Amino acid sequence: MALIDEIKLKAAAGTGGDGVVRWRREKFIAKGGPAGGDGGRGGHVYVEATRDVYIMGTYKQKREYKAEDGKDGGSSSKHGRDGEDLILMLPIGSIITNIDTDHVERLTKEGERILLLHGGQGGKGNEQFKSSINTTPEKATPGKAGEVGEFKIELELYADVGLIGLPNAGKSSLLNALTNATAKIGDYAFTTLDPNLGSFRKYILADIPGLIEGASEGKGLGIKFLRHIKHTNILLHLVSFENEMNTSPVRSKTSKKSEDSIGMMKVYKQIRGELEKYGKGLAEKEEIILLTKTDVSDEKTIAAKVKEFTKLKKPVFTISLYDDASVKAFGDELVKILRK
């Protein structure tokens, strides 16, 4: 199922039940006095947080929801049943904005429940209007309408590891190799249009769509996806050896020399610059550097690049996704870091 990270929903709380006019039926007593019960409250509308990050996809076809209406009052002063509350399940990290009022709510932990819309109050039965000067009131009131609203819901992913890097750095391929995800991949400058998630030894990995220069200012996929990085514990920064192809004497048979190759460190710093411009603590997150697509380079260049990136004093690894042993070795090292 594709990850949906933005939706708009309309919701309505239930209408309160009507109060009623009823009378006690007692022998030899005319009307017997008022005995009309009050109407029940309309159902409230809540949102509740779940760990299921794909659950927003269940709202793709249906965009309008309503809580149950309260039931009318009854005879013998019986109160009408309250309407059943409506609970909309949303992923942890959801930001719910009331489009009409601009009020914002956030779901930050599993099981958290927030009231969005109040159900309408039930109407009053005629028993409520009895007085010393009006012993046989014929008055009852209808239930009130519940609150309604239209909401924009945005998801900020909560993941253990966020995969970042330029388009075609190998993020989707790595996610597929480590997990059971089925992200689209290609041998061209393809950028994922939606974040993909996978479970790797009980840790959640998020493939953040490819960033480009100017992303912090909204260029390309821009801020739409930078927000997903905020709630990841560790950033896994992928840099492809294809960015060194113009200086590397050895290339794979399927790769072509790129006139746009600008150097791996320059590419790395470009993405780091976007994180720093965006702010909100992204640049301060723990980072692992993964140099990908070693199959397009040679041993001398690989060793030189590892030495260069090691100077950043961050964990540095290399990988070829065509080599299962390479993938497994990196996976083992990643788990060690996550367990610290």
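The values are calculated or read from the model by the stated rules, or taken from the named source; none is laboratory data. Being a predicted model, the structure only gives us computed values, none of them experimental. Because the Cβ atoms are built from the backbone with ideal geometry, glycine has one as well, and the counts that use them run over all protein chains shown. Each accessible area value is taken on the protein alone, full model and side chains, heavy atoms only, with ligands, DNA and RNA left out. Shrake-Rupley method; radii C 1.70, N 1.55, O 1.52, S 1.80 Å.
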If Y322 passes every condition in (1) farther than 18 Å from L178 by Cα; (2) open to solvent by 50 Å² or more (accessible area, probe 1.4 Å) but one, which one does it miss? (1)
Which number in (1) assigned to a loop (DSSP other than H, G, I, E, B); (2) touching a residue at least 12 places away in the same chain (Cβ under 8 Å) marks the one condition that D102 misses? (2)
When residues of the stretch 230-272 are limited to those that are under 30 Å from G93 (Cα atoms) and open to solvent by 20 Å² or more (accessible area, probe 1.4 Å), the one modelled with the highest pLDDT: K269
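For D52, state whether it is within 19 Å of the chain's Cα centre (by Cα), touching a residue at least 24 places away in the same chain (Cβ under 8 Å) and on the phi < 0 side of the Ramachandran plot.
yes
Is one or more of the residues making up the stretch 55-70 surrounded by fewer than 21 Cβ atoms within 10 Å (Cβ to Cβ), of a type in the set (A, V, I, L, M) and either within 30 Å of I204 (Cα to Cα) or in contact with a Ser or Thr (Cβ under 7 Å, 6 or more places away or on another chain) (or both)?
Narrowing the stretch 55-70 to residues surrounded by fewer than 21 Cβ atoms within 10 Å (Cβ to Cβ): 55, 57-66, 68.
Checking which are of a type in the set (A, V, I, L, M) leaves us with 55.
Restricting the remaining residues to those that are either within 30 Å of I204 (Cα to Cα) or in contact with a Ser or Thr (Cβ under 7 Å, 6 or more places away or on another chain) (or both) gives 55.
There is at least one residue in the stretch 55-70 that is surrounded by fewer than 21 Cβ atoms within 10 Å (Cβ to Cβ), of a type in the set (A, V, I, L, M) and either within 30 Å of I204 (Cα to Cα) or in contact with a Ser or Thr (Cβ under 7 Å, 6 or more places away or on another chain) (or both).
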Selection from the stretch 109-153 of residues that are assigned to a loop (DSSP other than H, G, I, E, B) and in contact with a His (Cβ under 9 Å, 6 or more places away or on another chain): H118, G119, G122, G125, G146, E147
For the stretch 119-153: of the residues being open to solvent by 60 Å² or more (accessible area, probe 1.4 Å) and among the small types (G, A, S), which is modelled with the lowest pLDDT? S132
Would you mind stating whether T310 is surrounded by fewer than 20 Cβ atoms within 10 Å (Cβ to Cβ), without any contact (Cβ under 8 Å) to a residue 60 or more places away in the chain and touching a strand residue (DSSP E or B) at 6+ places or on another chain (Cβ under 6 Å)? yes
